[in-house]
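Input: a single structure, listed below in structure tokens.
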Amino acid sequence: DTGVSQNPRHKITKRGQNVTFRCDPISEHNRLYWYRQTLGQGPEFLTYFQNEAQLEKSRLLSDRFSAERPKGSFSTLEIQRTEQGDSAMYLCASSMGQGAETQYFGPGTRLLVL
Amino acid sequence: AQKITQTQPGMFVQEKEAVTLDCTYDTSDQSYGLFWYKQPSSGEMIFLIYQGSYDEQNATEGRYSLNFQKARKSANLVISASQLGDSAMYFCAMREGGGSNYKLTFGKGTLLTVNP
């Protein structure tokens, strides 16, 4: 049973560039979540999908951010025209869609915007 | 107001001793869930333990137990027989309401250091 995987693990980019992150959830999980974590803080919710439908987006998710989950499998998070304030750890999680809805997290993608 | 408050930025414990990490929460919902996660320096969030608001018994998972005091809105994590590998950040999180709300709200975390 493989866990949640995320790629890349690290990304360094220059301000103004676009970046895309990928998340592969646990195979039988139908819900997928994105969180952002800055230094010294707990993760903050960005958005979540149930199958391929994006059901909730946080106000943190500005117009420069877009997330997709085609066919309800893997998900991508794209940041356009990156800013230095986007530097953070981006965490993906998935849950089964029943019971406690425990979210299992991937290793995260650390983004540094220079 | 903070939904999840973790008042201990850092805690120290001797190996093999027990330690309690504090968490208080704020919600007006009757149905909610409380979670604890461990985050080692590698960055991955590792699920430890869950407590539902309607659960009458305190949750336990191996060396982890959750001291749930509903009236006080506290959900403290107790780690028994600490090990060096327990050194990490620990986050308390809450999922409010039932139905269609699934997002977690996290506290700021507590950095636990286990001394040999």
**Message:** Of the residues B:Leu111, B:Leu66, only one is within 14 Å of chain A (Cβ to nearest Cβ) and under 26 Å from A:Leu60 (Cβ atoms); which?
**Reply:** B:Leu111
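Being assigned to a loop (DSSP other than H, G, I, E, B) and among the basic types (Lys, Arg) is the filter; apply it to the range A:1-19 and report the residue that is surrounded by the most Cβ atoms within 10 Å (Cβ to Cβ).
A:Arg9
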**Message:** Any residue that is more than 14 Å from the chain's Cα centre (by Cα), more than 21 Å from A:Thr2 (Cα to Cα) and part of a helix (DSSP H, G or I) - is there at least one of those in the range A:74-89?
**Reply:** yes
**Fill in**
If we keep only residues of the range A:49-63 that are farther than 22 Å from A:Gly85 by Cβ and more than 7 Å from every other protein chain (Cβ to nearest Cβ), then the residue nearest to the chain's Cα centre (by Cα) is A:Phe49
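Can you find a residue that is among the hydrophobic types (A, V, I, L, M, F, W, C), surrounded by fewer than 18 Cβ atoms within 10 Å (Cβ to Cβ), more than 19 Å from B:Met94 (Cβ to Cβ) and within 14 Å of chain B (Cβ to nearest Cβ) anywhere in the range A:38-45? I'd like the intermediate steps shown before the answer.
Taking the range A:38-45 and keeping what is among the hydrophobic types (A, V, I, L, M, F, W, C), we get A:39, A:45.
In the following step, the residues that additionally are surrounded by fewer than 18 Cβ atoms within 10 Å (Cβ to Cβ) were identified as A:39.
Then drop every residue that is not more than 19 Å from B:Met94 (Cβ to Cβ), which leaves A:39.
With the extra rule that they be within 14 Å of chain B (Cβ to nearest Cβ), the set shrinks to A:39.
Yes, some residue in the range A:38-45 is among the hydrophobic types (A, V, I, L, M, F, W, C), surrounded by fewer than 18 Cβ atoms within 10 Å (Cβ to Cβ), more than 19 Å from B:Met94 (Cβ to Cβ) and within 14 Å of chain B (Cβ to nearest Cβ).
For (1) at the interface with chain B (Cβ under 10 Å from one of its Cβ atoms); (2) at pLDDT below 95; (3) closer than 20 Å to B:Ile49 by Cα, each residue gets a yes or a no:
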{"residue": "A:Gly16", "(1), (2), (3)": "no, no, no"}
{"residue": "A:Arg36", "(1), (2), (3)": "no, no, no"}
{"residue": "A:Thr47", "(1), (2), (3)": "yes, no, no"}
{"residue": "A:Arg69", "(1), (2), (3)": "no, no, no"}
{"residue": "A:Ser75", "(1), (2), (3)": "no, no, no"}
{"residue": "A:Arg81", "(1), (2), (3)": "no, no, no"}
{"residue": "A:Asp86", "(1), (2), (3)": "no, no, no"}
{"residue": "A:Met96", "(1), (2), (3)": "no, yes, yes"}
{"residue": "A:Val113", "(1), (2), (3)": "no, no, no"}
**Request:** Looking only at the range A:20-68, count how many residues are in contact with a strand residue (DSSP E or B) (Cβ under 9 Å, 6 or more places away or on another chain) and assigned to a strand (DSSP E or B).
**Result:** 27
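Picking from A:Arg22, A:Arg31, A:Arg69, which residue would you name as being farther than 26 Å from B:Met89 by Cα, of a type outside the set (S, T, N, Q) and surrounded by 13 or more Cβ atoms within 10 Å (Cβ to Cβ)?
A:Arg69
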**Message:** Please verify whether B:Tyr54 is within 12 Å of chain A (Cβ to nearest Cβ) and either buried (at least 16 other Cβ atoms within 10 Å of the Cβ) or at pLDDT 95 or above (or both), treating the condition exactly as stated.
**Reply:** no
**Item:** Residue count, the range B:78-101 (criterion: within 14 Å of chain A (Cβ to nearest Cβ) and either crowded, with 22+ Cβ neighbours inside 10 Å or among the small types (Gly, Ala, Ser) (or both))
**Value:** 11
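Just give me the residues in the range A:98-109 being in a strand (DSSP E or B) and more than 7 Å from chain B (Cβ to nearest Cβ), in sequence order.
Within the range A:98-109, A:Thr109 is the sole residue that qualifies.
The values are calculated or read from the model by the stated rules, or taken from the named source; none is laboratory data. Keep in mind it's a predicted model, so treat the numbers as computed, not measured. A quick note on method: Cβ atoms are made from the backbone with ideal geometry, for glycine too, and the neighbour counts reach across all protein chains shown.
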